[in-house]
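Notes to accompany the following structure.
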Amino acid sequence: MLGTAFAVAAILTLSIICFLKQRVFHGAIGLLVIPIAIYGAARIGKPRSPWARRFYGERRPHKQAKAEQRFRPDRRTELLKEHVRDAIGGVTGEEYEARLTQRDSGTDTAPRQH
């Protein structure tokens, strides 16, 4: 009984660390698959996460720089997440208008014949 309680506490602790590092996928899946929680807790946190604000920044500037480099906004995974979010929830009106303007400036303005 005590061993089970310790195991549950350890799994929850690892998953909470993942959530504090804003590694939501690792934290959620880690509740069921323990090696994922261990992996997520051992990895570096995202630069604006509560974990990074507490343990990086001025205290460890090299880790803050490493986190900012790893999680830069132009990463492929960030772009993929943005496309998925746009597909599900749509884009803002301003962004939609900007995309229309960009598309129209690159194409012919003559009406299409069907």
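Each value in this text was obtained by applying a stated rule to the coordinates, not by laboratory testing. The structure displayed is predicted, hence computed values, not measured ones. Here the Cβ is made from the backbone with ideal geometry for all residues, glycine too, and neighbour counts use every protein chain on show.
Things worth noting here:
- Spin-label model, Leu2 to Asp86: label points 7 Å out along the Cα-to-beta-carbon direction sit 5.7 nm apart.
- For the pair Thr77 and Ile16, label points projected 7 Å from Cα toward Cβ lie 2.4 nm apart.
- Axial C-alpha extent at least 24 Å, average Kyte-Doolittle at least 0.0 - helices from the chain (DSSP): 2-20
- Taking other C-beta atoms within 10 Å as the exposure proxy, Tyr39, Tyr96 rank Tyr96, Tyr39 from fewest upward.
- Alpha-carbon Rg/Rh ratio, for the chain, with Rh computed the Kirkwood way: 1.22
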